[in-house]
Amino acid sequence: MLAVAAALAFSAAGAGIAEAAPPEVTQAAADGVKTIEFTKSAESLSEFWTPERLRIAAENPMPAPTVTAEAAKRAHENAQKHQRKTQGRGPVAANAAAPEGGAAVMVSPLTTNGTIADLSRSDLASPLGWQVNIAGRLFFSTGGSGYSSCTASAIVSNNKNSIWTAGHCIHGGKDKGFYSNFVFAPGYDETAPWGFWPLQKGIVSSAWADDSDFLWGDVGGGIVAAPEAEYGNLQDWTGAYGYRFNGDSDIDDVTSLGYPADGYNRTSAELHEGTKPMYCHGNAVDAGNWNPLDNRLKLACDMGGGASGGPMIINFGVNSQIVGTNSHRLADNNNQWVENYLYSSNHGGNAAGVINWLNAN
């Protein structure tokens, strides 16, 4: 019997699921979203993220947060009550942006999405062209001695410095708080070729922060700063994925990117211990068979811990647009994965609320 949904983030070995660290400044709440402003400089974060801490964050999966099917339903129903106005948001969309900075002259020619075969057993993403480098690894502290890692990606925004990821990679969910010490490494491939971009502002949907709603609310992101002035802004330096947030749940030709340290019927070694970008490709389907309470995206894909927050993209290599975000897998009562599917929260009103806030800040 399917009983739990397991999130895909991972953290320091021995630390367990750490409580989120106290915020550096007072959280600001707006309609449908919760935000935070961080105060640490790029210099202080560079000192904080020693090679050892980065290694721990990258290589050690943590026990995945779980929720029973009934609890997930209740969480979504509570989120609906709290966030009625979010249902009217959207649809919103934007086209992808090509790089104009250093990344534009350091990458291979673009591979079009027409050459990508269906692939549920993830493979290395590096040969797919420069748009892979828009995604990267997100490193952060979960409180105490806990260090974690997810996948994130640059997303088109008015400020040109926005990233997109899963809500549970930014905030601990119901009765917890925001994580801290975030840095984003675009194009990560065993090393960080374009440095570590410190997160200045973080945001998640209130549906995630207040109710841990995996069905509709596991969305988040933030605004970064350049590690060095010469980099300018993230969007011009690496390019950025566009987006299409209209609540669709049956979507053809979806490419999922991530940095999985484990996977369904895969060893860590097969997935390069989470140090390299991987991908799956196929058609996403409605996870709830048109149940109005469950319009998640469901994609055949084996990626596990570390792939959380990775983008689910349409038109990859042509006009790459995010339509979902790697969130969780189904598990049994023993927290063992039971199928080769990767799930995303529906990207409708909650996702629109998050991107609208990023565009306004």
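The values are calculated or read from the model by the stated rules, or taken from the named source; none is laboratory data. Just so it is clear, the model here is predicted, and its values are computed rather than measured. A quick note on method: Cβ atoms are made from the backbone with ideal geometry, for glycine too, and the neighbour counts reach across all protein chains shown. Just the protein is used for accessible areas: all its heavy atoms, side chains included, with ligands, DNA and RNA removed. Shrake-Rupley method; radii C 1.70, N 1.55, O 1.52, S 1.80 Å.
Ratio of Rg to Rh for region 157-220: 1.03 [Cα atoms; Kirkwood radius as inverse mean 1/r over pairs]. The fraction of accessible area contributed by carbon and sulfur in region 213-361 is 43 percent, rounded to a whole number (1.4 Å probe; ligands and nucleic acids excluded).
Here the convex hull built on the C-alpha positions of region 232-326 has a volume of 112 cubic angstrom per residue. Annotation for region 180-285: GluC sites (Glu not before Pro) lying in DSSP loop with at most 16 further Cβ atoms inside 10 Å of their Cβ are Glu190, Glu228. Under 18 Å from the 7 Å Cα→Cβ point of Asp250, by amide nitrogen: which residues of region 297-314? Only 297-300 fall inside the zone, counting backbone N under 18 Å. These residues, Thr275, Thr165, go from largest to smallest accessible area, 1.4 Å probe, as Thr275, Thr165. When Arg53, Arg329 are compared by accessible surface with a 1.4 Å probe, the order from highest to lowest is Arg53, Arg329. For Phe38, the solvent-accessible surface computed with a 1.4 Å probe is close to 20 Å², ligands and nucleic acids excluded. With an 8 Å Cα cut-off and a minimum separation of 6 or more residues, compute the relative contact order for region 199-247 in percent. Relative CO of region 199-247 lands at 30 percent. Taking label positions 7 Å along the Cα-Cβ direction at both Trp290 and Asp123, the computed distance is 3.5 nm, reported to one decimal. Largest accessible area first, the listed residues Arg121, Arg89, Arg244 line up as Arg121, Arg244, Arg89 when surface is computed with a 1.4 Å probe on the assembled protein chains.
Here the Karplus relation 6.51 cos²θ - 1.76 cosθ + 1.60, evaluated at θ = phi - 60°, turns the backbone of region 284-293 into coupling constants of 7, 10, 5, 5, x, 6, 6, 5, x, 8 Hz, with x for every Gly and Pro.
A 1.4 Å probe run over region 202-285, with the rest of the protein chains in place, finds 27 Å² accessible per residue. Each of Gly288, Gly274, Ser157 was scored by the projection of its Cα onto the charge dipole of region 150-304, and the greatest displacement toward the positive side belongs to Ser157; charges sit on the C-beta of Lys, Arg, Asp and Glu.
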